[in-house]
Amino acid sequence: TLAPRNWTTVKSKVAGELNAILVREGQSVRSGQVLARIDTQDAQARVDEKIADLEGGRAQLALADKNRANNLALLKQNFISQNAFDSVNSNYQVSEARLKAMEAQVAVARKALADTVVAAPQAGIVSQRHAQPGEKLPIDGKILTLVDLAEMEVEAAVPAGDIPSIRVGQDVSFRIEGFGERGFIGRIDRINPATQTGSRSILVYAMLPNR
């Protein structure tokens, strides 16, 4: 069997309606190229909601900070007890922790908004489109499959008795259907440690630079 050594299935990181797929089967793409776009309405609404919560949290923290400063001055003048100040200070710390949590939620919402733009994780050629514009995609919904033809891998079953004469790094010659008598040279990359179920063959994997 001859197959690409490296390939990947591009999936959606967020749920939503697929607005567009910008590439088709057989088309070459570069790493980082925009492949598809998912509707941003829900993601943008979540960003706006989290930013509003964050602004409210900042206002609460500012008020808690002001109260803490006032009560600290009163404590130094012995107008209030230490327990009363500790209660105010605790409220400030809670507001501060809530603000940090809100900041994290804004970052997560912005990341989800950015993920509505689907980019190629590697260079390659589109081999299959799994979705069409207008479809509702779940998280991890399949969109495209990309293959990198720069390196090919040959998988061959070798009788167990011949394995002692085979080693990693050894050259292997073979022919490929459709290329006539033309020979190709690869290099053994891996040897499976176990025999195939139902046979005494062991799979050997050879790597072929695909110039």
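Structure above, values below:
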quantity: Region 140-191 - percent relative contact order, Cα under 8 Å, separation 6 or more; calculated: 28 percent
quantity: C-alpha long axis of helix 41-76 to longest principal axis of the chain, angle in °; calculated: 40 degrees
quantity: Longest segment of the chain lacking GluC sites (Glu not before Pro) that sit in a DSSP loop with at most 11 other Cβ atoms within 10 Å; calculated: 26-176
quantity: Between helix 82-114 and the chain: long-axis angle, C-alpha atoms, 0 to 90°, nearest 10; calculated: 30 degrees
quantity: Gaussian network model of the chain, springs between alpha carbon atoms under 10 Å - residue of 194, 109, 97 with greatest fluctuation; calculated: 194
quantity: Length gained when the stretch residue 174-residue 201 is fully extended (0.36 nm per residue, less Cα-Cα span); calculated: 7.9 nm
quantity: Heavy-atom accessible surface of region 20-148: percent carbon and sulfur, 1.4 Å; calculated: 50 percent
quantity: Estimated 222 nm signal from helices in the chain, with DSSP H stretches of n ≥ 4 weighted -39500 (n - 2.57), rounded to 500; calculated: -12000 deg cm²/dmol
quantity: Length-normalised contact order of the chain in % [C-alpha pairs under 8 Å, at least 6 apart]; calculated: 31 percent
quantity: Qualifying lysines (Cα of each under 19 Å from Cα of residue 76; at least 8 residues distant if same chain); calculated: 66
quantity: Relative contact order computed over region 40-99 (Cα-Cα under 8 Å; 6+ residues apart), in percent; calculated: 42 percent
quantity: Most mobile listed residue (111, 13, 66) in the chain, GNM with C-alpha springs under 10 Å; calculated: 66
quantity: Solvent-accessible area per residue, Å², over the chain with all protein chains present [probe radius 1.4 Å]; calculated: 62 Å²
quantity: Residue 52-residue 100 pseudo-label distance in nm [points 7 Å out on the Cα-to-Cβ vector]; calculated: 2.7 nm
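The values are calculated or read from the model by the stated rules, or taken from the named source; none is laboratory data. Quantities reported herein were computed from a predicted structural model and do not represent experimental measurements. Glycine gets a Cβ as well: all are built from the backbone with ideal geometry, and neighbour counts include every protein chain shown. Each accessible area value is taken on the protein alone, full model and side chains, heavy atoms only, with ligands, DNA and RNA left out. Shrake-Rupley method; radii C 1.70, N 1.55, O 1.52, S 1.80 Å.
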